[in-house]
Amino acid sequence: MKREMRQRRREITDPAIISAMLDRMEILYLGINDGPAPYVVPLNFGFAFVGDGDLEFYFHCARQGHKLDCLARDPNVCVTAASFVSYANASVKGHLHDYRSVIARGVAQQIDPEKEPEAFRQAMTCILVHNHRDPADMATPVMRHLQIWRVLCRREDVSAKAEIPPQTATEVDFAPPAGDGTPIDDSHILDMYTGSKA
């Protein structure tokens, strides 16, 4: 069930903007159920919007390991990717910093190359392209020893936000660290403590 974002003015729902944000994020953090405490693994990744706005993340791994043991017990996961910039001694639109974040809950599934050859190829292509590599690299011998997994996240289980929300995909890049000369405005910080959701 999607939770209402407390600071709604920071929320981003446009898939094009979320895609542009993820394009600029290099690490996906995979949160797994590991008994008394979560187990969080940093991964390189790929992604794609599928169907009616659902979001799939893809990652590769070895065929054995603690991560896979945990996923075999409970495939329900949470993933997070984020980026941040500080406008030290400056500001942009009155803010001292900016960030982008995407959090999604989903179910992790291994993609069997025998049963789903096209899905396997597409997932590997997404991973390689996101990591600025040639999709032809999937033909290298080492790739035959990897597992490819997807995390399927329903659109209602995807949450994205920014300190200064971009209005279009072309506005996703952070402003230069030197700032824009706008005087610092702390009202958005005070709103967080006074309960404003605007």
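Tabulated values for the structure
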item: Total residues in the stretch 51-108, condition in contact (Cβ under 8 Å) with a residue 40 or more places away in the chain, over 30 Å from PRO183 (Cβ atoms) and either aromatic (Phe, Trp, Tyr) or surrounded by fewer than 16 Cβ atoms within 10 Å (Cβ to Cβ) (or both); result: 11
item: Scope the stretch 1-41; condition exposed (fewer than 15 other Cβ atoms within 10 Å of the Cβ), among the hydrophobic types (A, V, I, L, M, F, W, C) and assigned to a loop (DSSP other than H, G, I, E, B); matching residues; result: MET1, ILE27
item: Number of the condition not met by CYS70 [criteria: (1) in a helix (DSSP H, G or I); (2) under 26 Å from GLY35 (Cα atoms); (3) modelled with pLDDT under 95; (4) not acidic (Asp, Glu)]; result: (3)
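Let's see how each residue does on (1) modelled with pLDDT of 90 or more; (2) touching a helix residue (DSSP H, G or I) at 6+ places or on another chain (Cβ under 9 Å); (3) part of a loop (DSSP other than H, G, I, E, B):
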{"residue": "GLU156", "(1), (2), (3)": "yes, no, no"}
{"residue": "SER159", "(1), (2), (3)": "yes, no, no"}
{"residue": "PRO166", "(1), (2), (3)": "yes, yes, yes"}
{"residue": "ASP173", "(1), (2), (3)": "yes, yes, yes"}
{"residue": "ASP185", "(1), (2), (3)": "no, no, yes"}
{"residue": "ILE189", "(1), (2), (3)": "no, no, no"}
{"residue": "TYR193", "(1), (2), (3)": "no, no, no"}
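The values are calculated or read from the model by the stated rules, or taken from the named source; none is laboratory data. Quantities reported herein were computed from a predicted structural model and do not represent experimental measurements. Here Cβ is always computed from backbone atoms with ideal geometry, including for glycine, and neighbour counts include all displayed protein chains.
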